Structure formats: structure tokens, C-alpha cells
């Protein structure tokens, strides 16, 4: 038995310039709910399914440790991905537009569960959020240079 067995994303921490604005955005875009607040650290924890998205005020004690805020030439991370139970492109786009959130282009991308539909959004601090749908029935790799070094070869 392995000493470490991962189940999925537990939480991630984003350093943000305006906590209230970010909470509002994550509530509107992803349906998150504010679960826990630790004012002495400037930490706000949002629930999204079984996962947490932690927001840290860049002006707070923990946020200051990370240096300058993210921006066009500085990032706290490239992106993070939220796995969706279903992916109805039309409904998602309509929903986001109602919330005044610009939907990204839907493309087939690879994630933890395989190839499937995906869309990128940008939060108020310039962080990229990927919305990932369930895997496609057809898992054929379509990129010629892709390799899977972690996969075991089948015996012939």
C-alpha cells in the first residue's frame, strides 16, 4: 500500500488585491460559499465542492510574505482547474454572461480524468481558472507529439 494516495485537489491559495471583489467573483462564477475567515492572517476560505479556494489579502500578514501582487507580468500560479460534474456549454456560457463574466473558448483538453471539454476564465486578479467537464467517451489522443511516460505498456 502506498504511503501517499491522492484523491484530488484539496485547496489552493491565491494572493488577491481586493478580497471582497474576489469573493463576489468566485461566488458568482463557481457558486463558491465563504466557509471560514481568519482575519489575523487575512485569509478567507471558500468552499467549492470538496475543495477549498483560499484567498489571501496581499496587504495582510500572510499576503505580504509573497511580495508584489499578481499582474500581467507576474503570476502566483499559471492556472487551476475545477472539475465539473457536467458540461453543458450553452448553459455555462449563458450563466457566465448573466454574471458579467467573460466565458472563454471551449476546447478539448486533457485533465485528471482524461480528455474532455474545458473553458478558461480570468478572475479579477488575473488568475486563470479552468472549468473542466467530464471525460469524453472517445479518449483517443489527437496531438501527435503527446506521450504518456507514466503509463505501463500492455503485455503482448
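The values are calculated or read from the model by the stated rules, or taken from the named source; none is laboratory data. Everything numeric here is computed off the predicted structure, so don't read it as measured data. Because the Cβ atoms are built from the backbone with ideal geometry, glycine has one as well, and the counts that use them run over all protein chains shown.
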message: Tell me whether segment 103-110 contains one or more residues that are under 24 Å from residue 15 (Cβ atoms) and either in contact with a strand residue (DSSP E or B) (Cβ under 6 Å, 6 or more places away or on another chain) or surrounded by 10 or more Cβ atoms within 10 Å (Cβ to Cβ) (or both).
response: yes
task: Look through 51, 33 and report the one residue that is modelled with pLDDT under 90 and either closer than 30 Å to residue 136 by Cα or under 18 Å from the mean Cα position of the chain (by Cα) (or both).
output: 51
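Looking at segment 88-102, which of its residues are touching a strand residue (DSSP E or B) at 6+ places or on another chain (Cβ under 9 Å) and surrounded by fewer than 12 Cβ atoms within 10 Å (Cβ to Cβ)?
Hit for segment 88-102 is 102, nothing else.
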